[in-house]
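Trainee: Got a structure here, written out as structure tokens. Questions coming.
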Amino acid sequence: MSTTGSVTYKIFEESFVCNTVKKLVDCTSGDIYYCADPLVYSGSPLSVGQTFSAKFVTAEGFLSTCLTYTDDIEGSSNISIQTILSLFGDCSGCSFTPTPPPTPTNTPTPSVTPSMTPTPTPSAGQVYVFTACTGSQRMIIQGVPVPSLVTGQVIEYNNECWQYIGPKTSPYNPPAGFISSVWGTNIFGTPSEVFSSCSSCVNQPTPTPAYRSHTVIWNWYPDCPLCNITGPTTTLYTENQYTSLGAGINVYTNTALTIPFGAGRYIKDSQDVYSVGAAGLLTLECVIGNGC
């Protein structure tokens, strides 16, 4: 008596993240694609030189074709592999036919059917579309939604505002004039703030800086007998509330207001001369032209 069957050994299922991308050549068109995704079929990684059929995402939407894995190079990806369908010896033997959906079979309804809550099925072939609020007509199409985002809402990404157009059936063709980029992942992440419209995102109030800048002339000594200072100019910083310099104000050399201007120097603004003390504290010495 003989026993037949197959055993699949799963030796290692973790993916490595490298600084390289895989160079893939389309068997039909000769187009070259670059992919950062791991190429795994039936639990085993593909090797350079193998040919396979796959479904993947490009800037034009979802495509299915035969590809040959030719090389590993440095660069950035322009496709995202969704499914590897089968392996072949080379391009000449690579062919595949999309599998039709199964035909439903009528099953007699039992006399007593338990009440069950249907489990939602993830939408196949659906993408999520965003457009830029400002600048050129740009669109981001990604295969993963942004959590809890509602159609029409706006989020900020890389200092730009993007409006969520909503889910669309894939393949999705952008309107004429739009420049689109396609991603297999959620590049926006989880937004820290959500806006109701493009205008509310674009016109956010500008935060008030914590500092104010002042251009002064400085030297180690004042010019006497007439009170004056000649020397190089420099920019000093005070707290934002001080529109001009004055006695009792601390001056700093950086906008974070953590490095005081060195003590022992003299500075002048438009009409007054100050000495600089410890912690950058200013003391009025004289008014320009009135004598030291």
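The values are calculated or read from the model by the stated rules, or taken from the named source; none is laboratory data. Source: prediction; values computed, not measured. FYI the Cβ positions are ideal-geometry reconstructions off the backbone, even for glycines, and counts take in every protein chain you see. Keep in mind that these areas ignore ligands, DNA and RNA; they rest on the heavy atoms of the full protein, side chains included. Shrake-Rupley method; radii C 1.70, N 1.55, O 1.52, S 1.80 Å.
Trainee: Order Tyr128, Tyr211, most accessible first, counting only protein heavy atoms with a 1.4 angstrom probe. Kindly include the intermediate steps, with their values, before the conclusion.
Mentor: Values: Tyr128 35, Tyr211 80 Å².
Putting Tyr128, Tyr211 in descending order of accessible area: Tyr211, Tyr128.
Trainee: Enumerate the aspartates and glutamates that Lys23 could reach by cross-link, defined here as Cα to Cα under 20 Å, with residues fewer than 8 away along the same chain left out.
Mentor: Within the straight-line cut-off, Lys23 pairs with Asp31, Asp37, Glu60, Asp71, Asp72, Glu74, Asp90.
Trainee: Further question on the same structure: Which residue, Ala256, Pro167, Tyr221, has the largest displacement toward the positive end of the dipole of segment 164-292 when charges sit on each Cβ (Lys, Arg +1; Asp, Glu -1)?
Mentor: Final value for the positive-end residue is Pro167.
Trainee: Quantify, in whole percent, the carbon and sulfur part of the accessible surface of segment 50-100 (1.4 Å probe; protein heavy atoms only). Mind showing how you got there, number by number?
Mentor: Numbers: 1310 of 2690 Å².
Of the solvent-accessible surface of segment 50-100, carbon and sulfur hold 49 percent.
Trainee: Find the centroid of the Cα atoms in segment 26-101 and in segment 130-151, then give the distance between the two in whole Å.
Mentor: Centre-to-centre distance over Cα atoms comes out at 27 Å.
Trainee: How much of the pair distance distribution for segment 152-201 lies past 18 Å, counting alpha-carbon pairs only, in percent?
Mentor: Values: 472 of 1225 pairs.
Counting every Cα pair in segment 152-201, those more than 18 Å apart make up 39 percent.
Trainee: How are the alpha carbon pair distances in segment 128-256 distributed across 5 Å bins from zero to the largest one, expressed in percent?
Mentor: With a bin width of 5 Å, the distribution comes to 2, 9, 14, 14, 10, 6, 5, 6, 7, 8, 6, 5, 4, 2, 1, 0, 0.
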